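Heads up, the thing below is written out as structure tokens.
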Amino acid sequence: MKIYIVIHNLFLILGVLFISQIGRSASKSLLSTNPFLGIAPQDENYYKTSSEIFKCKDGSKKLNRAQVNDDFCDCPDASDEPGTSACPGGKFYCRNAGHVPLLLFSSRVNDGICDCCDGSDEYDGKVKCPNTCWEAGKVARDKLKKKIVTYKEGVTLRKQQIEQAKLAIAKEEEELSKLKSEEKILKGLVQQLKDRKEQIEKAEEKERLQKEEEEKKRREAEEEANKEKSKAEKEANQEKNEVKEQVGSEEEPMESTHDDKIGVLDQDVEEDKSNSVAEVEHTDKSENASPTDGIEQHAAEGKEESPVVHETDLHAGNEVSPTSDQATKQENDVAENTEGLSREELGRLVASRWTGENTGQHTEEVDAVKHDHHESHEETPEDTHAEEYDGYASETDDDSQRYDNDDMEDPVDEDFGEDDHYDSSPPYKSDTEDESDFSDITSTSNPSWLEKIQQTVRNILNAVNLFQTPVDKSEAAHIRKEYDESSAKLSKMQSRISSLTQKLKHDFGPEKEFYSFYDQCFESKENKYVYKLCPFKQASQEEGHSTTRLGRWDKFEDSYRTMLFSNGEKCWNGPDRSLKVKLRCGLKNEVTDVDEPSRCEYVALLSTPALCLEEKLKELQQKLELMNQEQPQGRDEL
Amino acid sequence: MAPNINPTLPLLLLLLLFTLHLSSVSAWKKEEFRTCNQTPFCKRARSRKPHSSSLFATDVAILDGALTANLRQPPPESPDQDQIKPLLFTLSVNQNGVVRVKIDEDPSLDPPKKRFEVPDVVLPEFESTKLWLQRFQTETVDGDSGPSSVVYVADGYEAVLRHNPFEVYVREKQGKRRVLSLNSHGLFDFEQLRVKQEGDDWEERFKGHTDVRPYGPQSISFDVSFFDADFVYGIPEHASSFALRPTRGPGVDDSEPYRLFNLDVFEYIHDSPFGLYGSIPFMLGHGKARGTSGFFWLNAAEMQIDVLGSGWDAESGILLPESGGRIDTLWMSEAGIVDTFFFIGPGPKDVVRQYTSVTGTPAMPQLFSTAYHQCRWNYRDEEDVENVDSKFDEHDIPYDVLWLDIEHTDGKRYFTWDRVLFPNPEQMQNKLAAKGRHMVTIVDPHIKRDESFHLHKEATSKGYYVKDATGKDYDGWCWPGSSSYPDMLNPEIRSWWSEKFSLKNYVGSTPWLYIWNDMNEPSVFNGPEVTMPRDALHYGGVEHRELHNAYGYYFHMATSDGLVKRGDGKDRPFVLSRAFFSGSQRYGAVWTGDNTADWDQLRVSVPMILTLGLTGMTFSGADVGGFFGNPETELLVRWYQLGAYYPFFRAHAHHDTKRREPWLFGERNTELMRDAIHTRYALLPYFYTLFREANTSGVPVMRPLWMEFPSDKATFSNDEAFMVGNSLLVQGIYTEQVKHASVYLPGGQSWYDLRTGIIYKGGTAHKLEVSEETIPAFQRAGTIIPRKDRYRRSSTQMANDPYTLVIALNGSHAAEGELYIDDGKSFEFKQGAYIHRHFVFSDGKLTSSSLVPNAGRTLFSSACVIERIIVLGHSSGPKNALIEPSNRKAEIELGPLWLRRGKSAPVLTIRRPNVPVADDWTIKIL
């Protein structure tokens, strides 16, 4: 082997000398003196057999040995020309002693560019490629060494994290199962309390009726004394009233909510109208060019449209497609109306067709007029803002409670939000308002907590004599209070259970190495944007006060080397936003780069110890060993 | 719960309205453009009845070697009718069968101003080919009461001026059959300029824009007839069929005429006579009976052209006897003069030669620009550029040019760089250049009206901008916002513009940087029909309406001149333009603009490019993949397979689309696209030879089948297949998931499947199996195609690689072909520094001889050899070949037709003849 290398190098040096002197024909001499140019060490045996016949590697053809590396492609698999550019699709091996060997496309051989640091790919004399393997190799080795150091440390960190994760998960699982069994008991207690509460309420009701009856009787007695004659009639009346009262008390609450809703709806529509009119008036003043008639007519159309639109939205959810017909119609309306625009507005409008961008405040106003956007007090100067609403709509569709889209800093998903609140593992704790509120449940370490309640309930239940009349007021209040508190506790417990269940459902990686990501967000600032990545939750892009959701957590890809956030806010004229996070080994969790290679498809790099794999470390170490071995003799670095 | 609904509701409404607005950008804005009915001159001309022209010719004479006359009208019957002043008629004849007819107002009769004649389109050399007419004969034709004047045109052809009724035509001398005629239906009309009188209201309004029309209506219209023609072709640019369909006549419902008006059309549709980015008012008629003829009207105003279906004039009650095999057309223009050219043919290649003798042959492109171009709106920054570039290498896909769209600039100020995204543009270009690659940046004509922008300041102070109707600098809206447009009609301004491309003036440019002219229709976002108002004013008081269709041409010209100057006259320019006019072929390439990623647009790209080629613009292509929208992977692959045969081969995409570089669709599809690109690179020597042919003769690289098979009627309306040169037939696949395709192979000779070598009979349609691997392509028997089978990173790196010759034998075991080689970049070839080989195979012997005149001197040489000769259609007996004069032997064996590709039947291969490509030699199969 060693001897071969020396000879090989000698040939090369000779070859280069020849070439630089006599040019083209030298290349042939090089090839004829070294028919094994470009052959990888593991293939040498294949080419070195003494037989006069060479077989293409794929077995398709038998050649004369002289046809190997004769600068003419014979084998369909390119195996007869490892050292020339004759076969497209072939591979050229350069040893690069002092650095790492390289396997090149044969299209790189004698193309005038030095691809191999040992210069072996350029031997036809057109360019001179100095051997730079030593310098380049040293740089590469140093780099590799640094990498190995990082990996070594990273592997340890990773192990620690995995341990911690496993403990934390076990703890959470334990907590979960405990909570579940406690929940069962608490549920029973609450039910008991509820039953008792209802019994008391019944008893109270009965007592009340009794009292009424007594009162009635008392009055009757009085009346009887006074007006005995009309007694029969009055009794009948009394019965009627009672019926009425009952019916009334059943219907009332329903009716009132109903009223409420309708009231709100009406009010809304009313507001819309006034807004749009205000907007029209406003623009009318500033845009004398536009004929007032047209605008009013449009405004009226807008009014007519709004209920329809509202309906579509409620029914079709976030689907845009069913409304595309309307969209086209709308657009046609716009086009017909371009005469009303100022020249600048028209320019921007037409430009926006190609750019797909909203062209700023001016068009915004124009659009507002044309489309009747009702947005005079909700000015949205940037398109990101508009998209924000867009994205927001999809949420509010299933849950109209969360409408405060401005606080996007809170995790959007409600479940996750609660998870944050109830998390108990200190390093990842995020501070939230009702932390303290929950302490009574989280302090499950105190075993007497549930027992206490149980005891209390038992005491209460025993203490209260149901059949005692009149009902003891303080006892009844006690039960009600106890019921309220317990059921509140129960609901908290249940939400804790559901959040834990949600969390533990996640795929934290084969060794749970990504567990610690669950309660972390990573930020990176790129120019004017701040990117915020919250694994298992969501990712967003912030610019000042506006936030764009780039995606919700989707999954790991590429054997846990990539995190995918998908279904972000829809892009103007483009796809839903999405973010791919490529993971690299590093000692800190750190977002190093965010990019948008394709419209609204983002890519970020995240370095993390979780990716510092032991196998990879070994691989790198082997590579380094190999590089050290490949060093020319006498120049051993170490 | 309930109160929460309250704030959401208006929000939802708002959102939905927004969504509606946002998603609605997806249709051709038809109503923003004028129809013929909304265009008074077109509406008027279209409503004229045949023989409504009462013109007659008087005072016929020979003057300055041309036939001249006055065209007059009989005095009006009622005094309130306008009496038109006599028009000046001139007929001149040029060599090689070109007749030029000019009709204009008589300057001696004091017209309000001179009508616009388009300068700098007709080659100066053309004037020198004028035949000096000495005399004319008179003759009575068609039983007229008066005489006609007849002059000689070329052997066997004469031009006739029929005096009354006025008609001018070219005829065959023998049998006196008309070839081409103007005004044979008497539709000629010429509105003369007028001085505005009290009460004249000539203003025109469209979509809120007003055109003041200071000289009143000034349109011209007339009919032109192509005799013995089965179809007419030409007059780009339209997205429509290759053979032009009738726009009027029986069975045609309500069609618009073909419109020639350079417009930036957002999301154009794939089948419409509507005007697009460029205009070439040149039409060809072709028929089996006689051959080909052509008609060109040099006029840069808006033009509308009707192709009249047979029977269109039936209602007039006059049926002409010769109407069989004759196609009538109606030409209408808003302004200018009659300056028309009749081309007599008789072959298709004769007509393009005649046309390009007037307007120039296509420029010889740099070799690199005939290879593959990678473009996207936008490659965002230097890192992006570097990544894309290295990915090509990683996947062993060659490419030659990386393009930067508008976002690379500092705020759409051309000639500048966004220094955040591109801090080191020279270094970036040098890195590409180290791999033999080039870069193209965009330079559009709209200049940002920004006081701090030196270009704007300079143009303003020098008064170089186009003016509006009131004489102020015209201010329109384009990418940078408020913009003005340099007046490219003025040679001084063009010269000023061309200086901007010097390496010193264009900071951040290198000698490896070339230019892309977009938006030069000109596109004006807030102008009428998204362009400049017709009453805007140019140099010399020319109204924009008069030169509109040539604005982009002058801009292209100035840019191209700039690159020539930059390279000190030693470097061929490369400038891609979107707008074009007759003559643009002299300045660079064009493409078919903002197409869409769908199958119909893939299909229509072929007739569009064929039409461009036929009318001089051979260096043209369509955006591979489709500009708007995301192509399905299959469509993208098919587009690469077809685009590899476009003369101009560039992938491009809108910035809202997903990335679509060839390696993004899985390994198999990468392989398919790489293979398509490799095919192009292998055929580059053939393509380059064809570009040279176009450069010398005007004959396009990509040709309709009938250009090679002019008497095969089955090819006349075929626009799914095309020829690349005379040797290669390509049929696109325009439908998804097809398993079979019907391919018509014309002629009496056979065809060899380009990939497998399988032989197919000519003169019939074949139902072929279609695989995903390739679109059908065939080499014609009797031809020799030069290839380079080694792939490099770029075409320029292949310069020293050896050649392969593929000889496809015909029925008599013969074949011939050519190979043109030069340095690929300089103008030295004009001094004869090139190699031009003629390969002839006959009697078992291949001979290489030079086609260079004065072959004795060698101004250009090449060390390249021919490493492989494949002979298709030869029996597989011989084992050796003898090479003379070196008296060497080369082995013959059976080898693959293509090196990298799957299994095909082995073909006869002469192994390593290694004959120098520059030398004379023979190789005899023993």
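Identify all residues within region A:159-176 that are polar (S, T, N, Q) and open to solvent by less than 70 Å² (accessible area, probe 1.4 Å); write none if there are none. I'd like the intermediate steps shown before the answer.
Going residue by residue through region A:159-176, those that are polar (S, T, N, Q) are A:160-161, A:164.
Scanning region A:159-176 gives a single hit, A:Q161.
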If I filter region B:765-788 for residues that are within 14 Å of chain A (Cβ to nearest Cβ) and among the polar types (S, T, N, Q), do I get at least one hit? no
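Before we move on, is A:K623 within 25 Å of A:K512 (Cα to Cα), open to solvent by 10 Å² or more (accessible area, probe 1.4 Å) and either in contact (Cβ under 8 Å) with a residue 24 or more places away in the chain or not in a helix (DSSP H, G or I) (or both)?
Details: within 25 Å of A:K512 (Cα to Cα): no; open to solvent by 10 Å² or more (accessible area, probe 1.4 Å): yes; either in contact (Cβ under 8 Å) with a residue 24 or more places away in the chain or not in a helix (DSSP H, G or I) (or both): yes.
Criteria not met by A:K623.
So that you can scan it fast, the table gives a plain yes or no per residue for (1) away from chain A (no Cβ under 12 Å); (2) basic (K, R); (3) open to solvent by 50 Å² or more (accessible area, probe 1.4 Å):
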| residue | (1), (2), (3) |
| --- | --- |
| B:H838 | yes, no, no |
| B:S861 | yes, no, yes |
| B:C864 | no, no, no |
| B:V871 | yes, no, no |
| B:A881 | yes, no, no |
| B:A890 | no, no, no |
| B:L897 | no, no, no |
| B:R900 | no, yes, yes |
| B:D919 | yes, no, yes |
Within region B:374-400, track down each residue that is among the hydroxyl-bearing types (S, T, Y) and either out of contact with any Phe, Trp or Tyr (no Cβ under 7 Å at 6 or more places or on another chain) or over 27 Å from B:A682 (Cβ atoms) (or both). B:Y379, B:S390
For B:S241, which of the numbered conditions (1) in contact with a Pro (Cβ under 7 Å, 6 or more places away or on another chain); (2) farther than 15 Å from B:L610 by Cβ fails to hold? (2)
Kindly indicate whether any position in region B:672-691 is within 14 Å of chain A (Cβ to nearest Cβ), within 26 Å of A:P597 (Cα to Cα) and assigned to a loop (DSSP other than H, G, I, E, B). no
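Got a sec? Which helices (runs of 4 or more DSSP H) wholly within region B:542-637 have at least 2 residues that are within 19 Å of B:S272 (Cα to Cα) and open to solvent by 10 Å² or more (accessible area, probe 1.4 Å)?
Details: elements: B:544-547, B:551-566, B:599-614.
Of the helices (runs of 4 or more DSSP H) lying wholly inside region B:542-637, those with at least 2 residues that are within 19 Å of B:S272 (Cα to Cα) and open to solvent by 10 Å² or more (accessible area, probe 1.4 Å) span B:599-614.
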B:M723 fails exactly one of (1) open to solvent by 10 Å² or more (accessible area, probe 1.4 Å); (2) at pLDDT 95 or above, namely (1)
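Taking into account only those residues within region A:585-620 that are of a type in the set (K, R) and over 30 Å from B:H654 (Cβ atoms), which is least open to solvent (accessible area, probe 1.4 Å)? Let's see the steps before the verdict.
Initially, region A:585-620 is screened for residues of a type in the set (K, R), giving A:588, A:599, A:616, A:618.
Remaining after also requiring over 30 Å from B:H654 (Cβ atoms): A:588, A:616, A:618.
Numbers: A:K588: 131, A:K616: 71, A:K618: 120 Å².
Ranking the qualifying residues of region A:585-620, first place goes to A:K616.
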Can you list residue pairs whose Cβ atoms sit under 8 Å apart, with the first residue in region B:677-688 being among the aromatic types (F, W, Y) and the second being surrounded by 24 or more Cβ atoms within 10 Å (Cβ to Cβ) and modelled with pLDDT under 95? Count only pairs 6 or more apart in sequence or on different chains. B:Y681/B:Y791
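Only one residue in A:I441, A:I497 is open to solvent by less than 60 Å² (accessible area, probe 1.4 Å), aliphatic (A, V, I, L, M), modelled with pLDDT under 65 and assigned to a helix (DSSP H, G or I). Which one? Steps first, answer last, please.
On the way: A:I497 fails: modelled with pLDDT under 65.
Of the residues listed, the single one that is open to solvent by less than 60 Å² (accessible area, probe 1.4 Å), aliphatic (A, V, I, L, M), modelled with pLDDT under 65 and assigned to a helix (DSSP H, G or I) is A:I441.
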Tally up the residues in region B:704-746 that are over 20 Å from the mean Cα position of the chain (by Cα), closer than 26 Å to B:L684 by Cα and small (G, A, S), please. 1
Out of all the residues in region B:66-93, which are in a loop (DSSP other than H, G, I, E, B), of a type in the set (G, A, S) and either touching a Pro at 6+ places or on another chain (Cβ under 9 Å) or at pLDDT 95 or above (or both)? none
Consider only pairs whose beta carbons are under 8 Å apart and that are at least six residues apart or on different chains; among these, list those whose first residue lies in region B:409-434 and is in contact (Cβ under 8 Å) with a residue 40 or more places away in the chain and within 14 Å of another protein chain (Cβ to nearest Cβ) and whose second residue is in a helix (DSSP H, G or I) and of a type in the set (A, V, I, L, M, F, W, C). B:K412/B:I406; B:L432/B:V385
When you scan region A:534-546, do you find a residue that is crowded, with 20+ Cβ neighbours inside 10 Å, in contact with an Asp or Glu (Cβ under 9 Å, 6 or more places away or on another chain), aliphatic (A, V, I, L, M) and in a strand (DSSP E or B), even just one? no
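May I ask you to list the residues in region B:638-655 that are part of a loop (DSSP other than H, G, I, E, B) and either open to solvent by 10 Å² or more (accessible area, probe 1.4 Å) or closer than 22 Å to B:E736 by Cβ (or both)? Reasoning before the result, please.
Taking region B:638-655 first, the residues part of a loop (DSSP other than H, G, I, E, B) are B:644-648, B:652-655.
Listed by number, the residues that qualify are B:A644, B:Y645, B:Y646, B:H652, B:A653, B:H654, B:H655.
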Out of B:G588, B:G666, B:G625, I need the residue that is within 14 Å of chain A (Cβ to nearest Cβ) and either over 26 Å from B:H438 (Cβ atoms) or touching a His at 6+ places or on another chain (Cβ under 9 Å) (or both). Which one? B:G625
In region B:192-236, residue surrounded by the fewest Cβ atoms within 10 Å (Cβ to Cβ) [restricted to those that are of a type in the set (S, T, N, Q) and within 22 Å of B:P257 (Cβ to Cβ)]: B:S219
Restricting to region B:256-298, name every residue that is polar (S, T, N, Q) and under 27 Å from B:E31 (Cβ atoms). B:N262, B:S272, B:S279
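Matching residues to (1) charged (D, E, K, R); (2) farther than 19 Å from B:Y514 by Cα:
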residue	(1), (2)
B:V420	no, yes
B:E426	yes, no
B:N430	no, no
B:A434	no, no
B:V440	no, no
B:D450	yes, yes
B:S484	no, yes
Scanning region A:112-133 for residues that are away from chain B (no Cβ under 14 Å) and surrounded by 17 or more Cβ atoms within 10 Å (Cβ to Cβ) gives A:C116, A:C117, A:D118, A:G119, A:S120, A:N131, A:T132, A:C133
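Would a scan of region B:449-471 turn up a residue that is farther than 25 Å from B:S509 by Cβ, open to solvent by less than 20 Å² (accessible area, probe 1.4 Å) and assigned to a strand (DSSP E or B)?
Checked region B:449-471: no residue is farther than 25 Å from B:S509 by Cβ, open to solvent by less than 20 Å² (accessible area, probe 1.4 Å) and assigned to a strand (DSSP E or B).
The values are calculated or read from the model by the stated rules, or taken from the named source; none is laboratory data. None of these values were measured; they are calculated from a predicted model. Virtual Cβ from ideal backbone geometry, glycine too; neighbours counted across all protein chains shown. Just the protein is used for accessible areas: all its heavy atoms, side chains included, with ligands, DNA and RNA removed. Shrake-Rupley method; radii C 1.70, N 1.55, O 1.52, S 1.80 Å.
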